[in-house]
1. So for the chain: antiparallel DSSP bridges make up what percent, rounded to the nearest 5?
2. Quick one: of Lys107/Lys428; Lys276/Lys435; Lys276/Lys371; Lys107/Lys271; Lys83/Lys228; Lys369/Lys449, which pairs are farther than 29 Å apart, Cα to Cα?
3. Among Leu223, Ala202, Val308, pick out the residue whose Cα is farthest towards the positive end of the charge dipole of the chain, where Lys and Arg carry +1 and Asp and Glu carry -1 on C-beta, about the Cα centre.
4. Suppose only helical runs count, i.e. DSSP H with n ≥ 4. What mean residue ellipticity at 222 nm does that imply for the chain under -39500 (n - 2.57) per run, divided by all residues and rounded to the nearest 500 deg cm²/dmol?
5. For Lys127, list the aspartates and glutamates whose Cα falls under 13 Å from its own Cα; do not include residues on the same chain fewer than 8 positions away.
6. The stretch 397-415 to the stretch 282-309: how many Å between their Cα centroids?
7. So, R0 is 45 Å and r is the distance between the beta-carbons of Tyr405 and Asp314; what FRET efficiency does that work out to, to 0.05?
8. Give a quick list of GluC sites (Glu not before Pro) in the stretch 16-111 that DSSP marks as loop, anything other than H, G, I, E or B, with at most 10 other Cβ atoms within 10 Å.
Amino acid sequence: MANRLFGTNGVRGIINEDMTSELGLRLGKAIGEFFGGSVAIASDTRVSGDMIKSAVSAGLMAVGCRVLDLGTIPTPAIQYFVKTHDHVSGGVMITASHNPPEFNGIKCIAADGTELHRSDEEQIEGKYEEDVPCKPWSEVGTRDEVLGAADSYVDAIVSLVDTEKIRSANLVAVLDCANGASYYTAPLLLSKLNVRAITINANPQGEFPGHPSEPTEENLATLIEITKYANANIGIAHDGDADRTVFITDQGQFVSGDKSLALMAEMAVSKKGGGKVVTPVSSSSMVEDVVVRAGGEVIYTAVGSPVVARKMIDTDAIFGGEENGGLIFPEQQYCRDGAMTAAKMLEYIAKNGSLQDGIDSLPAYFTDKRKLECPAEKREALMEHLKGINASRRTDSTDGLKIIYPDGWALLRPSGTEQIFRIYSEAKDAETAEKRGAYYEDIVKDFLKTRKT
Ligand code: MG
């Protein structure tokens, strides 16, 4: 089997160390050979975006593809373009999402706009290994710049929310684009929804000055302050490639991703009077609580947005998402969509009032998260050991081992790509969550210390 290039979010690396123009060119040929025909390409705002995009484009053309360059747009905007253009056989997004500016990445998009299936990535890896031969001069591809992908993406979102309700609510939002790919689409969306926007970090300068592009509470301190002092209805922040969105309440409180996931799930199920919601086993039980209360059903999957999207398609789900702010609205497309998430949350506050009140109405849960080093060769034996210990308890093996307690759960899960073992524990009170987290940490540590393999 070919060496694994693609991680959970495409191929990532540090520029001119492991992410080089040579890699871009060779991978571009492999991707071009896999897709054939017309291939869309776009990048986020990183300084290295043009270099990697040019290298991949050259590879695509060398094997005969027609390259459609959409410019600098969010990941969900190129996904939407690929999905809505039948003559386009696939897409390539140049992004490293929330990673620091020295990183960049190459991510492939299937013809239906979804993230490429693992088995297809394996085919591309195989072609990369072979090093695809170039076509004769008369068959090389061409490159066209395509304008307007960002605008049609925003227009589609506007058509999918209750615009009258949002427009007449005269909302004020503080918007933080992390100097990333949403610098154009996010302010445009708010203006089309008649939301008065105070926009910060909307300069596509490429080095992300302002704050790191992962939308954590720590990185969003300025947004939180401005939202509070401007008396805004909401604060909105995107990650670097704008497939994710996190929010700040009208009281200036950071909203964790599981809470916005729960609120949006509740809104979707209430509107339809039922339906299926898909989320990974790592999501808070507050999601299931509100979904069941509204008459719906939760389906759990392994961790990772492509798995969630795929399950949503298979089960005809009405909504899905992850606890990191990546939400999927099937009426738009089967992928995480930052702008759609912002528009839907604006619809929520236009209809229900204060976001803080909405957050306060959610059931309270406390989560304890731990991360331990774990050598890959000990993973399997460790999981067997943990299953043995919990043989008499109710468990779920969808991803790792989830032990279900009457008042919460613990999730024990080795990373598939790193030498890391994760322990999540959730309960109705912080003390219990922490106690169980510590209990499993001790068991894992003891096992790793005493067992050779
Ligand atoms: Mg992202």
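1. Numbers: 41 of 73 bridges.
Antiparallel: roughly 55 percent of the beta bridges in the chain.
2. Details: Lys107/Lys428 39 Å; Lys276/Lys435 33 Å; Lys276/Lys371 31 Å; Lys107/Lys271 34 Å; Lys83/Lys228 39 Å; Lys369/Lys449 21 Å.
Flagged as over cut-off: Lys107/Lys428; Lys276/Lys435; Lys276/Lys371; Lys107/Lys271; Lys83/Lys228.
3. Positive-most Cα among the choices belongs to Val308.
4. Numbers: 15 runs with 174 residues, N = 453.
That calculation yields -12000 deg cm²/dmol at 222 nm.
5. Glu33
6. Here the answer is 14 Å between Cα centres.
7. Working: r = 30 Å, r/R0 = 0.66.
The formula returns an efficiency of 0.95 here.
8. Working: sites: Glu17, Glu22, Glu33, Glu102; in loops: Glu17, Glu102.
Passing sites in the stretch 16-111 are Glu17.
The values are calculated or read from the model by the stated rules, or taken from the named source; none is laboratory data. On a predicted model such as this, the values are computed, not experimentally measured, just so you know. Neighbour counts run over all protein chains shown; Cβ positions are idealised from the backbone, glycine included. Note: accessible area is taken over every heavy atom of the protein model, side chains too, but ligands, DNA and RNA are not part of it. Shrake-Rupley method; radii C 1.70, N 1.55, O 1.52, S 1.80 Å.
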